[in-house]
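Colleague: Can you keep this structure in mind? I'll have questions shortly.
Nothing in this text is a laboratory measurement; each read-out follows from the coordinates by a stated rule. In this text the structure is predicted, and so the values were computed from the model without any measurement. Note that we place each Cβ from the backbone using ideal geometry, even for glycine, and neighbour counts take in every protein chain shown.
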Amino acid sequence: MSSFVLKIIAVITMFCDHSGYAIMGGFSGFNIIGRIAFPIFAFQISEGYKHTKNLKKYFARLLVFAIISQIPFHLFVTKFISSESNSLNIFFTLSLGLLCMILYDYFSNIQNKELNLKLFNIELKKILGIFSVLLVAYIGSLLNVDYGFWGIIVIFSFHLFKNNKLATIISYICLCVMRYGYYMIIAGVNLRYILSCIFVILPIVFIAKYNNKQGHKIKYLLYLFYPLHLLLLYLFV
């Protein structure tokens, strides 16, 4: 399964998710299907980090589209989900997830002389890297980015276990179970959470079938689709 196919699955299910809020007037089966989208986008960010030729431009592009998308996102959310929402759109989540990967790799591979330390072993470097990831994820939760702390950690986990498919699958499933298990502890067991958990786990099947091939290039089409479809739903539904 190529990157192109994964992106198409993500776009279609994301559109189902947002259409569900706009057309059905609340959380519905469309939104259950929509749980498939974010994990694929999260995985694609880890792949983008691995393959990009210019990391600074990649990060800047995500931030630019985060800013562009915020007004359509805010209009959509306040009309169809919550009139008092102050959350930030998914591009901010993806940007912070990318920042986590950058910081983790920087601290994990930093030279002792850069820290002016003679004794700084690899375990301490990894701990410093993980701490930087947790700090960024916490800041993301304070900023109320879409999918919050959990979303940023999911993005980073795809990078952390990039060389071990089994570890990627197990860690992702554990993160999903922890998220919805927490919801069910707080709010009680119900069918919505169970189905949401199942469908948010489902994308790992597609991700596991990824063949490391790009397929058709539709990079800017995807970037533009996000704010445009939110704006169109806001204007015409």
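Colleague: Could you list the residues of region 21-35 with an amide nitrogen less than 20 Å from a label point located 7 Å from the Cα of residue 225 in the Cα-to-C-beta direction?
Modeller: Once the point is set 7 Å along Cα→Cβ of residue 225, 21-23, 30-35 turn out to lie under 20 Å by backbone N, inside region 21-35.
Colleague: Counting only C-alpha contacts under 8 Å and six or more residues apart, can you give the relative contact order of the chain as a whole percent? Show your work: numbers first, answer last.
Modeller: Working: 290 pairs, mean separation 71.7, N = 237.
About 30 percent, as a whole number.
Colleague: Zone of residue 9 (label point 7 Å along Cα→Cβ, backbone N under 13 Å): which residues in region 204-218?
Modeller: Only 204-212 pass the distance filter.
Colleague: If you build the convex hull over the alpha carbons only and average its shadow over all orientations, what do you get for region 38-209? Give it in nm² to one decimal. Before the final figure, lay out each step's value.
Modeller: Working: hull surface 47.5 nm².
So the Cα hull casts an average projection of 11.9 nm².
Colleague: Using alpha carbon centroids, what distance separates region 145-223 and region 1-40, in Å?
Modeller: One Cα centre to the other: 13 Å.
Colleague: Another question, then. What's the local net charge at residue 26, with K and R +1, D and E -1, over the other residues with C-beta under 14 Å away?
Modeller: Numbers: positive: 79, 192; negative: 17.
Residues near residue 26 contribute +1 overall.
Colleague: Show which lysines lie in cross-link reach of residue 7 when reach means a straight Cα distance below 16 angstrom and same-chain residues fewer than eight apart are skipped.
Modeller: 209, 213, 217, 219
Colleague: Which ³J(HN,Hα) values, rounded to whole Hz and listed in residue order, are derived for region 166-175 from phi using the Karplus coefficients 6.51, -1.76 and 1.60 in 6.51 cos²θ - 1.76 cosθ + 1.60 with θ = phi - 60°, glycine and proline given as x?
Modeller: Taking θ as phi minus 60°, the curve returns 5, 5, 4, 5, 5, 5, 5, 4, 4, 4 Hz for region 166-175.
Colleague: Right, another one. Can you tell me the order of 8-20, 54-66 when each peptide is scored by its average per-residue count of other Cβ atoms within 10 angstrom, highest first? Kindly include the intermediate steps, with their values, before the conclusion.
Modeller: Working: 8-20: 19.4, 54-66: 15.5.
The packing order, highest mean first, is 8-20, 54-66.
Colleague: What FRET efficiency comes out for residue 27 versus residue 165 if R0 is 41 angstrom and r is the Cβ-Cβ distance? Round to the nearest 0.05.
Modeller: Values: r = 33 Å, r/R0 = 0.79.
Taking R0 as 41 Å, the efficiency between residue 27 and residue 165 is 0.80.
Colleague: Residue 84 to residue 110: extension gain in nm, 0.36 nm per residue of separation minus the Cα-Cα distance?
Modeller: On the way: separation 26, 0.36 × 26 = 9.36 nm, distance 4.32 nm.
Stretched out fully, the residue 84 to residue 110 stretch lengthens by 5.0 nm.
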